[in-house]
Amino acid sequence: MDINQKYTPQSWPDHPETATMEGKNKFIGFWLLLAAETVTFASLFATYLALKDKGPSGMEFSAAGLFELPLVFAMTMILLTSSLTSVYAMYHMKNHNFKAMQAWLGITVLLGATFLGLEIYEFNHYVHLGFGFTNSAFSSAFYVLVGTHGAHVLFGLSWFIALMLRNAKRGLNMYNAPKFYLASLYWHFIDVVWVFIFTVVYLMGVIG
Amino acid sequence: MSSIAQKKGFGATIWDFMTTVDHKKIAILYLISGGFFFLVGGIEAMLIRIQLAKAGNDFLSAGTYNEIITMHGTTMIFLAAMPILLAFMNAIMPLQIGARDVAFPFLNSLGFWLFFFGGIFLNLSWFMGGAPDAGWTNYASLALASEGKGIDFYSLGLTISGFGTLIAGINFLVTIINMRAPGMTYMRMPLFTWTTFVASALILLAFPPLTVGLFFMVFDRMFDSNFFAVEMGGNTIIWEHLFWIFGHPEVYILILPAFGIFSEIFAIFSRKRLFGYTALVFATILIGFYGFMVWAHHMFTVGLGPTANAVFALATMIIAVPTGIKIFNWLLTIWGGNISFTVPMIYAVAFIPSFVAGGVTGVMQAIAPLDYQLHDSYFIVAHFHYVIVGGVVLAILAGTHLYWPKMFGTMLSEKLGKWTFWFFFIGFHLTFFIQHFLGLMGMPRRVYTFGADQGWDLFNAISSAGAVLMAIGIIILLVNVVMTTIKNERVGNDPWGDGRTLEWAIPSPPPFYNFAQTPLVRGLDTFWIEKMEGNKKGMIFAEPLGDIHMPNNSFIPFVISLGMFIASFGALYFLDDDKPWALPVLIIGLLITFGSMLVRSLKDDLGFHITKAELLEDAKGGKTDGH
Amino acid sequence: MMKGIKKWRLFALMTTLLVFLAGCGREEISTLIPAGEVAQDQFNLLILSSIVMLFVIIVVSIIFVLAIVKFRRSKMGEDMIPEQVEGSARLEFLWTAVPIVLLLVLAVPTVYSTFDLADVSTMDVQAEDGTSTHLTVNVTAALYWWEFEYPEQGIVTAQELVVPTDERVYFNLISADIKHSFWIPSVGGKLDVNPENVNTFYLTFDQQSSELEDGVFYGKCAELCGPSHALMDFKVKSVDREEFDQWVTAMQEEEPAAVEGDLAQQGEELFGADGLACISCHATSGAGGTGGVGPNLATFGDRNRVAGYLEHNEESLKNWIEDPQEYKPGNLMPEAASLNDGEALSDQELDALAAYLMGLSVEE
């Protein structure tokens, strides 16, 4: 693999993310990492469900009374859209269209940042209501589950930004194509986790 | 570029090991640090047995005793047994599949340094206000009530070293999936590679629950969250579930590679193909699979209800079937073979009755109502030492003798090895067999003392005497290692003479690129096949001699881990009002870690090439093949 | 030379014999000498599984010994290359099927017994007059002591459980602080005492504890709970129903019997609110509710041990009062001096307290 080799859309392979041995290793390794992440979130979800609405006697807050769907629904839509835009970015990556890829990734980052901003707003709102981290077992479980997801979003954003800046001048090659691909894979994973959070925490929370 | 033949200064050697990404050198690092922690855990074990040698002994105080049992368990499992097995996996597995290195050499190094610094951090608790004292299982209500910083050392230390182990697990999985030599199909992989594969999969899926539990523990103790705070709605049983969802597979993470090592030994020293290879492989996979379904058998007395207890009891019993399949296949491997009783083989042979004894008591404990009596008594102490010492530690000792020549190029003394074996083996049974009866006689585990009125004096004294024998055995092993290293008699490719798999087809120790030409594998026990067909080279090749791409050494893994290590001290103390330095330390540590990660991702690391000319020179340059 | 061997043999024989004789342990605590229906069931499972497992061990051992004796290199020849057998489907089937059958033999009684031992459905069965037909004891575990409340009878005691023989006794277990585990080895297996939920099970006491050498069964905490986990013992007195009823009646007396003797009376004063105020944590009447800060002492004089494990005499009692941390590290009882404005108690005061406490008794 030569990092300085220049590609044209014609010479660019169909699956640049797995065209090299390193790429293939990263591809498999990353899927395995996602398996580990899945177990991590499964543990967090299980804990959340076990501790849902549990608190000291006379606790003021419960899932049904606390969560408000409109904001969360908007967040969900934003994150789902960002997943879609990252798909577009990967489409252009596979066609060796660097500029279009960067543009779509930029949109993805903007959407992701909006999501994160709304999440911070949401947390802030709850804290102001008096639903703090140390409030009850329920609040601890809620903040740790949703906060862990938020931390993943933050990491995903940083990853995208670092990749975009680092490779802004040199364009796509066989060395960085797998990295772009994995970052977007990670982004999809974050999205899927959020769908579960939306369902298990918010929808099931509000419904009861 | 070819640096193997050059003599290096001491400083240069240290630097080399600190920056190496070579799986064989990382294996040596794992072996040395795992060995060191094994000795630490062993000393703790001796202190335990001294304290319990007689009724009402006051050699250790109650609090110190609890610290010692906690650290003994934690050290032996996380910092001794697992790393030493990782050493063998690192040293041997890539060779067995004909690979030049693991899939992610950089991450391999990172995994080691994380484990290393996590282990050091955990053990520094002894000098910094007291070690953790809630048992290696660290049950939540006791852990939350524990004063001092011990439990925080436990949580942070295990989190760091746990990340290291997880990285190692992913690395091995990808290596085995992706980097097998041509012809090395899954069903031609040596059994040690198979067990490495399954154990790595278990690491991948078992460590996250532990990490989650440890995070809850940190949050509860340091940031006043309420996961386990009962009066705030928390639930301590969650910890037990998370811990054992990790903890039970952990047992198989340890025992499966041990099975792998013994499988290799039985085949080599019986000069016979493994009997029922396919069955052995599937039994391995099944054991790994069941490993995740049985965690609640550690919790029979928690009060989960009869339905849960019955289901988990039956699930647990089923594991006896694949394990039994393995035992009988090993027996049939040596049956009709030509057995040479070298030190590794003696360990392997001794393993069978020892492990069967541990296995049957395991089935007895699967009987939930009976377990109400056995649980948390000395019976269980006896049981898990029979499987861990009688299985894993015997495998580690066997593997040390078996793979020493491949890792260091010298042979450990067979004579001293046999002395070690007999002391250790007799001491082991003396120590632990009798503990079954102590448990049945009503002695709970984790008691720092017992009264003379309980009727347990004699058996405890016998048990302590056995421990002394084990210690003598280990001391002889150390002498053996030192003498062997001083003598430095180099050996050839296949020092045992009956090697069957690829690692024995190349020099001991192998060149840093392992295989100058990637081998072509024609069947199970490929080296044996070539030998039998009279192929002097021991291999046929899948490619012509050409340039080899190798990764660069890197200091970054060390620095990333060091940063985490430093940050942990900050995290430990930054909530204390009297320690204003702690917050800066935390920040500096994190900056070091993330800064070096940033350097890593911004700086392209494309590796280097060994040219064909260099390889040819290397082959000429006095590299003996031993024949 | 021969003589040396003979001596060694004799020594080995003696040791084996000694080990064998000691092998069952003390009847007060050994699971191998069951003294109740539950322990008996569990012991039977132990024997059944041991037999099955012994069979496995024997089969493996025979193959094992034959293999390592028959196929040694010294017999087979240095250069002999054995046939490279791949395996055998028939054998493979055999050693899969046989263990499954053996496991079935174990599985059936396991499942039966699991449900049987957890069956507490008769616990709340009431007689016509509305009282329970069975005795229920609420057990509260605390850092290093045990409280036993008899809710139906309205009495409470500590450290020494008193139960009637030959009937099911139901236990509700809960912890006041951290996790413990309730275990009376010779009467039945353990059950954890969790801080977050009540665990319920039953035991049957088939033997009167007065028949035992020490007069009581030994109970243990089986879950690591801190420094003094090893010392968190309790004792069990099993008496026939009649004697038990008498004990209950005596316990129900609200007013403890008048204290006799000057020394004891002085001790009572010291114990009281105007003295060291021991009474603010330790009740001295058995008639009362649960939730004491320290163990109820109504039956102190009848007990078998001081602090659960020290010999029951005034000497250990005085030592204990003077410095509880010395004897049970990490327990919550304050040193006597700290209740006495920092001054150590005089010998005379200690004698008085001891005399008073030893006089607390509900038995005739």
Residue satisfying condition, being within 14 Å of chain C (Cβ to nearest Cβ), assigned to a helix (DSSP H, G or I) and of a type in the set (A, V, I, L, M, F, W, C), within set B:Phe459, B:Phe425, B:Phe421, B:Phe432: B:Phe459
Can you find a residue in the range B:335-348 that is of a type outside the set (A, V, I, L, M, F, W, C) and in contact with a Gly (Cβ under 6 Å, 6 or more places away or on another chain)? no
Within the range B:362-381, track down each residue that is farther than 12 Å from B:Thr316 by Cα and either part of a helix (DSSP H, G or I) or free of Cβ contacts under 8 Å to residues at least 40 places away in the same chain (or both). B:Pro369, B:Leu370, B:Asp371, B:Tyr372, B:Gln373, B:Leu374, B:Tyr378, B:Phe379, B:Ile380, B:Val381
Residue in the range B:119-155 that is surrounded by the fewest Cβ atoms within 10 Å (Cβ to Cβ), counting only those that are free of Cβ contacts under 8 Å to residues at least 60 places away in the same chain and more than 10 Å from chain C (Cβ to nearest Cβ): B:Phe127
So for the range B:234-247 (the condition being under 15 Å from the mean Cα position of the chain (by Cα), under 19 Å from B:Leu210 (Cβ atoms) and surrounded by fewer than 24 Cβ atoms within 10 Å (Cβ to Cβ)), does at least one residue qualify? yes
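Would you check if there is a residue in the range B:392-406 being within 14 Å of another protein chain (Cβ to nearest Cβ), under 26 Å from B:His72 (Cβ atoms) and either surrounded by 24 or more Cβ atoms within 10 Å (Cβ to Cβ) or touching a residue at least 12 places away in the same chain (Cβ under 8 Å) (or both)?
no
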Given the condition touching a strand residue (DSSP E or B) at 6+ places or on another chain (Cβ under 7 Å), within 21 Å of C:Trp146 (Cα to Cα) and either touching a residue at least 60 places away in the same chain (Cβ under 8 Å) or part of a loop (DSSP other than H, G, I, E, B) (or both), answer yes or no: does some residue in the range C:310-321 qualify? yes
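Looking at the range C:210-238, which of its residues are aromatic (Phe, Trp, Tyr) and more than 8 Å from chain B (Cβ to nearest Cβ)?
C:Phe217, C:Phe234
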Go through the range B:282-299 and give me each residue that's among the aliphatic types (A, V, I, L, M) and within 20 Å of the chain's Cα centre (by Cα). B:Ile285, B:Ile287
B:Ala313 being of a type in the set (Gly, Ala, Ser), under 21 Å from C:Asp192 (Cα atoms) and crowded, with 23+ Cβ neighbours inside 10 Å: yes
Could you list, in sequence order, the residues of the range B:435-456 that are closer than 20 Å to B:Ile388 by Cβ and in a helix (DSSP H, G or I)? B:Gln435, B:His436, B:Phe437, B:Leu438, B:Gly439
Members of the range A:169-195 that are within 22 Å of A:Gly147 (Cα to Cα) and touching a residue at least 12 places away in the same chain (Cβ under 8 Å): A:Ala183, A:Ser184, A:Leu185, A:Tyr186, A:Trp187, A:His188, A:Phe189, A:Ile190, A:Asp191, A:Val193, A:Trp194, A:Val195
Picking from A:Lys26, A:Lys52, A:Lys6, the residue that is within 14 Å of chain B (Cβ to nearest Cβ), more than 23 Å from the chain's Cα centre (by Cα) and either of a type in the set (D, E, K, R) or under 24 Å from A:Val195 (Cα atoms) (or both) would be A:Lys52
If you scan the range C:57-95, which residues turn out to be closer than 13 Å to B:Val349 by Cα and in a helix (DSSP H, G or I)? C:Val60, C:Ser61, C:Ile63, C:Phe64, C:Val65, C:Leu66, C:Ala67, C:Ile68, C:Val69
Could you run through the range B:325-360 and say how many residues are within 20 Å of B:Trp295 (Cα to Cα) and either within 7 Å of chain C (Cβ to nearest Cβ) or buried (at least 23 other Cβ atoms within 10 Å of the Cβ) (or both)? 2
Using beta carbons and a limit of 6 Å, which pairs, at least six apart or on different chains, have the first residue in the range A:115-143 and more than 14 Å from every other protein chain (Cβ to nearest Cβ) and the second one buried (at least 21 other Cβ atoms within 10 Å of the Cβ)? A:Phe115/A:Met75; A:Phe115/A:Leu79; A:Leu116/A:Val153; A:Leu118/A:Met75
Kindly indicate whether any position in the range C:69-81 is closer than 18 Å to B:Leu331 by Cβ, modelled with pLDDT of 90 or more, more than 9 Å from every other protein chain (Cβ to nearest Cβ) and within 53 Å of the chain's Cα centre (by Cα). yes
In the range C:177-209, which residue that is in a strand (DSSP E or B) and among the polar types (S, T, N, Q) is farthest from the other protein chains (Cβ to nearest Cβ)? C:Thr204
Answer from B:Gly358, B:Gly337 - the residue that is outside any helix (DSSP H, G or I) and either charged (D, E, K, R) or touching a residue at least 12 places away in the same chain (Cβ under 8 Å) (or both): B:Gly337
Restricting the range A:111-150 to residues that are among the polar types (S, T, N, Q) and surrounded by fewer than 16 Cβ atoms within 10 Å (Cβ to Cβ), the one farthest from A:Tyr48 (Cα to Cα) turns out to be A:Asn124
Test each condition in (1) surrounded by fewer than 24 Cβ atoms within 10 Å (Cβ to Cβ); (2) touching a residue at least 60 places away in the same chain (Cβ under 8 Å); (3) at the interface with chain B (Cβ under 10 Å from one of its Cβ atoms) for C:Arg241 and report the one that comes out false. (3)
Restricting to helices (runs of 4 or more DSSP H) lying wholly in the range B:133-250: which have 2 or more residues that are of a type in the set (Phe, Trp, Tyr)? B:150-178, B:191-223
Any residue in the range B:561-580 that is under 16 Å from B:Thr593 (Cβ atoms) sitting within a Cβ distance under 7 Å of a residue that is crowded, with 18+ Cβ neighbours inside 10 Å and of a type in the set (Ser, Thr, Tyr)? List the pairs, counting only those 6 or more apart or interchain. B:Gly563/B:Thr593; B:Gly563/B:Ser596; B:Met564/B:Thr593; B:Ala567/B:Thr593
How many residues are over 19 Å from the mean Cα position of the chain (by Cα) and buried (at least 19 other Cβ atoms within 10 Å of the Cβ) if we restrict to the range A:29-49? 2
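May I ask you to say which residue of C:Ala127, C:Ala107 is closer than 30 Å to B:Ile318 by Cβ and either crowded, with 22+ Cβ neighbours inside 10 Å or over 19 Å from the mean Cα position of the chain (by Cα) (or both)?
Answer to the selection: C:Ala107.
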Restricting attention to the range B:525-565, and to residues there that are among the β-branched types (Val, Ile, Thr) and farther than 30 Å from B:Ile587 by Cβ, which single residue is nearest to the chain's Cα centre (by Cα)? B:Thr526
Can you name the number of the only condition in (1) at negative phi; (2) buried (at least 17 other Cβ atoms within 10 Å of the Cβ); (3) at pLDDT below 90 that C:Val56 fails? (3)
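The values are calculated or read from the model by the stated rules, or taken from the named source; none is laboratory data. These numbers come from a predicted model, not from an experiment. Cβ coordinates were reconstructed from backbone atoms using ideal geometry, including for glycine residues, and neighbour counts include every protein chain displayed.
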